[in-house]
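The values are calculated or read from the model by the stated rules, or taken from the named source; none is laboratory data. As the structure is a prediction and not an experimental result, all values here were calculated from the model. Quick reminder, even Gly has a Cβ in these numbers, built from the backbone with ideal geometry, and neighbours come from all protein chains shown.
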Amino acid sequence: MCTPYETKEGWIMAVPLFKGTLYINERETPAAYYNRKQRTKDVEKLLYSGHKFESYMCADSPGGAPRPHDVVNTNEAFCSVVQGQLGSHSFLVSGEVDCKDPSSPDPSPPSCYVELKTNFQLLSPQQHYNFRRYKLLKWWSQSFLLGIPVIIAGYRNPQGRIGSLQKFRTSEIPSLVLGHWQSWNQHVCMNFCNAFLSYIKQVVTRDDPRVVYVFSWEPNQDITFTVEEFSANPVIPHWYEWELSSMSGK
C-alpha cells in the first residue's frame, strides 16, 4: 500500500496458487539483508528500545501494573488474523498486535486493539514534514489493514528516554496529511494495492504450491516477476499442503 510513495526500499513477494487461493509471502530483499547484517550496536539498541517501551506501557492482565524491569523477550509476540475486503478482493492478513485497551467502548477485537510506536522528538519543520510524509503513512497502512483503531506514539529525546506521548486515531491520520504538498493520499494507496492484487490474479494461474511466482519492485522501476519451478524456498510447507488436501478429500 505504501509503494506509490516509497522512495528508498523495494520489496519482494513470493506467491503460489493452491486450491484457488493465493498465498502472498514477503521475502527479504538483498538490500534489507545487507542492512540487517550491518546494524551497529546503537541501531540494535534503538530497535530494542521500542520493545522496552511496550513493557512500560503494557500489563499482563486488565487492571494490572506494567513490569518494566522484566527482561524483554523480543521473540514473543501476539498476532491477529483478520478477514478484509479491498475492491473485488477478499483476503486474510496476519499481523502483530501490541496490546488491547480494556476500557475500549467496544471490547471485541480488533476494535479494542492498540498499536504502540516510538519516534524521536520532532523539533524542526523538516522533521515534522518527514514524519507526516513517511512515518505516518507506514503507521496508518499497518493499523488500517489489521483494523487497529488507535496508535500511541512515544517521543524519545536524544538520550533515548520517552518525554511525551501522543494518541492517533487510525481513521483520522489521512486527514492530518491532507493538503500538505508532496504528501500522500489513502485512496492512491488502496487503489494501487487493489490493482496489484488484480495483476497477481492475472499472472499467477498455475494451481500448484510448488510453483512460486516471485514479484519484485524497486523505487522508480516497474514491477517484474519470475517463476520458480519446484521452488527451493516454498511458501506453503508440505505439512499444510498435505493437511489441506486431506481435508478436501474428506
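Tabulated data for the structure shown
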read-out: Strands (runs of 3 or more DSSP E) completely within segment 51-157 that count 3 or more residues being in contact with a Cys (Cβ under 8 Å, 6 or more places away or on another chain) and surrounded by 17 or more Cβ atoms within 10 Å (Cβ to Cβ); value: 113-120
read-out: Residue ID - surrounded by the most Cβ atoms within 10 Å (Cβ to Cβ), chosen from residues in segment 191-244 that are assigned to a helix (DSSP H, G or I), touching a residue at least 60 places away in the same chain (Cβ under 8 Å) and among the charged types (D, E, K, R); value: Glu241
read-out: Test: Gly163 is within 28 Å of Lys8 (Cβ to Cβ), at pLDDT 95 or above and assigned to a strand (DSSP E or B); value: no
read-out: Residue match in segment 127-150 (condition: more than 16 Å from the chain's Cα centre (by Cα), of a type in the set (Phe, Trp, Tyr) and under 21 Å from Lys45 (Cβ atoms)); value: no
read-out: Answer residue from segment 181-190, given it is touching a residue at least 12 places away in the same chain (Cβ under 8 Å) and in a helix (DSSP H, G or I) and is surrounded by the fewest Cβ atoms within 10 Å (Cβ to Cβ) among those; value: Val188
read-out: Any hit, segment 53-72, residues being more than 30 Å from Ser104 (Cβ to Cβ), charged (D, E, K, R) and in contact (Cβ under 8 Å) with a residue 24 or more places away in the chain; value: no
read-out: Index of the failed condition, Ser55 passing every other in (1) polar (S, T, N, Q); (2) closer than 26 Å to Gln159 by Cβ; (3) in contact with a strand residue (DSSP E or B) (Cβ under 6 Å, 6 or more places away or on another chain); value: (3)
read-out: Scan of segment 22-44 for residues that are surrounded by 12 or more Cβ atoms within 10 Å (Cβ to Cβ) and part of a helix (DSSP H, G or I), ordered by number; value: Ala31, Ala32, Asn35, Val43
read-out: All positions within segment 4-56 that are basic (Lys, Arg), modelled with pLDDT under 95 and under 27 Å from Asn191 (Cβ atoms); value: Lys8
